[in-house]
Amino acid sequence: MKPRRRRRSPEEARAELLAAAARLIGERGPDNVTLRQIAEAVGVAHGLVTHYFGTYAALVREVLVSEDKRIQERIHDRIQAERGVPTAAGIMGVVFDTLADERYLRLFVWAEMHADYQGAVRPDLRELIDAIEAGIRSALAGRPVPSRSRIEAVALMGVSAAYGFAIGRRSWLTGMGHDPDDPAHEAEFRAQLTAMLASHMVEESGLEPAE
């Protein structure tokens, strides 16, 4: 049953369209959703979606921005909750857990591969690294900290590995003769990755990685 059309402010209509787009894309994948379907889900004219967002690629980008903000808030909350964990292991655990989101992953991959989106500036990663650096400095309370370039390298390696594993996990584990649905494999991958990144994060500051 289609929702009845009702009067909305421009802000309300835009927010409802973004929410509907995020839900439909999460359910069906970015390649199986149209602007018309999003309009119908909210109960507005198709032209209104075009008016607010232009192209489908532009709408996907807006959904990504919204999702990025949600992820950053989760990371910030986790960092604040884990005060006293002055380690790359703790920080990268937050990053890996938060970014290994299959719904977000499908959206991210589609957007990065789409011609209208490639090369778009992604300030969200810079803000993520800002949050990580601030968390490390706060936890270490004046002790030596890794350089910004080292934190950036670790964050980039961690994000790349997390997305790579999420994309290829089933094929790779199956090819190795393992059950891709066995959670032990993902747990081992996360543990090994975190240990390697922790060692790389702290080696230039002279700190010891946490167990």
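Each reported figure results from applying straightforward, stated rules to the coordinates on display, with no laboratory input. A quick note: this is a predicted structure, and the numbers were derived from the prediction, not measured. Heads up, the Cβs are rebuilt from the backbone with ideal geometry, glycines too, and the neighbour counts pull from every protein chain shown.
Brief remarks on what is shown
- Applied to the stretch 47-61, the Karplus parametrisation 6.51 cos²θ - 1.76 cosθ + 1.60 on θ = phi - 60° returns per-residue 3J(HN,Hα) values of x, 5, 5, 4, 4, 7, 10, x, 9, 5, 4, 5, 5, 4, 4 Hz, with x for Gly and Pro.
- Summing charges over neighbours of residue 106, with a neighbour being any other residue whose Cβ is under 10 Å away from its Cβ, gives -1 when K and R count +1 and D and E count -1.
- Approximating the spin labels as points 7 Å out from Cα along Cα→Cβ, the residue 112-to-residue 11 distance works out to 3.4 nm.
- Charge context of residue 26, other residues only, Cβ under 11 angstrom, K/R +1, D/E -1: 0
- Extension gain (nm, one decimal) between residue 176 and residue 28, 0.36 nm per residue minus Cα-Cα: 50.4 nm
- Among residues other than residue 178 with Cβ under 12 Å from its Cβ, the summed charge is -3 (Lys and Arg +1, Asp and Glu -1).
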